[in-house]
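> Take this structure first; my questions come after.
The values are calculated or read from the model by the stated rules, or taken from the named source; none is laboratory data. In this text, all values refer to a predicted model and were calculated from it rather than measured experimentally. Cβ coordinates were reconstructed from backbone atoms using ideal geometry, including for glycine residues, and neighbour counts include every protein chain displayed.
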Amino acid sequence: MSADPNCIFCKIVAGQIPAQKVFEDDEVLVFKDIQPWAPVHLLLIPKRHIVSMVDVTPAEQALMGKLMVLAPKLMAEAGVTNGFRQVINTGIDGGQEVFHLHMHAVGGPRPWAKA
Ligand code: 5GP
Ligand code: ZN
């Protein structure tokens, strides 16, 4: 599925609801989390509507690698110099609340709550 009309992150991709974007290309969007856990909290998403890691296919390996490699670069650009976390919550018991695959990149000076 390329977009789900009921999905909040698809609406952000489509520009139908606002977000503080920090990076965008043809297949990836990165924006600030609306309820940050830490001084810097980015969400990295594929623009395509992929529900969760369970739905990732081998064809999306490069896309997932792109998210993985992009996060450290953007955290450095955001001034995070002393470490950060990259987190993907998958499914109900994984704590996933938005069912459009996203990677949290969370960092900045501690203390901040562990998710
Ligand atoms: P999950 O628990 O699914 O891994 O994380 C979903 C994240 O999306 C949460 O950290 C939440 O604050 C964030 N979020 C939910 N709705 C919005 C929104 O409309 N805009 C932005 N920027 N973040 C959102
Ligand atoms: Zn979506």
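> For a quick check of your reading of the model, give me the residue pairs whose first member lies in the range 1-26 and is away from ligand 1 (no atom under 13 Å from the Cβ), whose second is hydrophobic (A, V, I, L, M, F, W, C) and part of a helix (DSSP H, G or I), with beta-carbon atoms closer than 8 Å and at least 6 apart or on different chains.
So the pair list comes out as ALA3/CYS10; ALA3/VAL13; ASP4/CYS10; PHE23/LEU70; PHE23/LEU74.
> Still on this model: From the list ILE92, ILE50, ILE88, exactly one residue is surrounded by 19 or more Cβ atoms within 10 Å (Cβ to Cβ) and either touching a residue at least 24 places away in the same chain (Cβ under 8 Å) or more than 16 Å from ligand 2 (Cβ to nearest atom) (or both). Which is it?
Within the list ILE92, ILE50, ILE88, the selection yields ILE50.
> Follow-up. PHE31 fails exactly one of the following numbered conditions: (1) assigned to a loop (DSSP other than H, G, I, E, B); (2) within 11 Å of ligand 1 (Cβ to nearest atom); (3) in contact with a helix residue (DSSP H, G or I) (Cβ under 7 Å, 6 or more places away or on another chain). What is the number of that condition?
(1)
> Return the residue satisfying two criteria in turn: it lies in the range 58-103 and is modelled with pLDDT of 95 or more and of a type in the set (S, T, N, Q), and of such residues it is farthest from ligand 1 (Cβ to nearest atom).
Per the criteria, the residue is GLN61.
> Looking at GLY65, is it farther than 26 Å from PRO111 by Cα and either more than 16 Å from ligand 2 (Cβ to nearest atom) or of a type outside the set (Ser, Thr, Tyr) (or both)?
Judged against the criteria, GLY65 is a match.
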